[in-house]
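*Asks:* Let me give you the structure first, and then I'll get to my questions.
Laboratory data are not the source of any read-out in this text; all were calculated from the coordinates shown. Remember, it's a predicted structure, so these values are computed and weren't measured experimentally. FYI the Cβ positions are ideal-geometry reconstructions off the backbone, even for glycines, and counts take in every protein chain you see.
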Amino acid sequence: MSNSLPVNDSTFDSEVLKASTPVLVDFWAPWCGPCRAVAPTVDAIAAEFTGKLKVVKLNTDESGEVAMKYGVTSIPTLMVFKNGDAVDRMLGNRPKSDLAAMVSRHIE
């Protein structure tokens, strides 16, 4: 079971941009092997930072508008949003330590 919330073009503003905590957005697609490979790491980050970080997943096949707006041209792309702004980005299937370090920079 995933610790992340699915979002789409219509729920992105309310779930991500208006969130009271930093949000990690996993831009992914079902056919993407590296996206499936990084999914357990994203879930582990969601569990580790419960209460400090919101974690959401956006399927780029179904919600291309948001992906285009934020310049997501390859997946997986992991972005941190804080106070409605994209503040950090990481591409590809990276180790949990890299993702945790990125997220930690934006948690108070």
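*Asks:* Taking the C-alpha atoms of segment 31-77, how large are the radius of gyration and the largest Cα-Cα span, Dmax, in Å?
*Replies:* 11.9, 31
*Asks:* If r is the Cβ-Cβ distance from residue 62 to residue 83 and R0 is 22 Å, what FRET efficiency results, to the nearest 0.05?
*Replies:* After rounding, the FRET efficiency stands at 0.25.
*Asks:* So what J values fall out for segment 42-49 if you push phi through Karplus, 6.51 cos²θ - 1.76 cosθ + 1.60 with θ = phi - 60°, rounded to Hz, Gly and Pro as x?
*Replies:* Result, ordered by residue: 4, 4, 5, 5, 4, 5, 5, 10 Hz.
*Asks:* Tell me the net charge near residue 32. Cut-off is 14 Å between Cβ atoms, residue 32 excluded, with +1 for each Lys or Arg and -1 for each Asp or Glu.
*Replies:* -1
*Asks:* Which whole-number percentage describes the relative contact order of the chain, with Cα contacts under 8 Å and a sequence gap of 6 or more?
*Replies:* 37
*Asks:* Kindly put 68, 102 in sequence by how many other C-beta atoms sit within 10 Å of each C-beta, fewest to most.
*Replies:* Taking fewest neighbouring Cβ atoms as first place, the list is 68, 102.
*Asks:* Still on this model: So, counting K/R as plus one and D/E as minus one, what does the shell of residues with Cβ under 14 Å around residue 52 add up to?
*Replies:* +1
*Asks:* Here's something else I'd like to know. Divide, for the chain, the radius of gyration over alpha carbons by 2.2 N^0.38 Å, where N is the residue count.
*Replies:* Normalised by 2.2 N^0.38 Å, the Cα Rg of the chain equals 0.94.
*Asks:* Which lysines does residue 96 reach when only Cα atoms under 18 Å apart count, and residues fewer than 8 places away in its own chain are ignored?
*Replies:* Qualifying lysines at Cα under 18 Å: 52, 54, 57.
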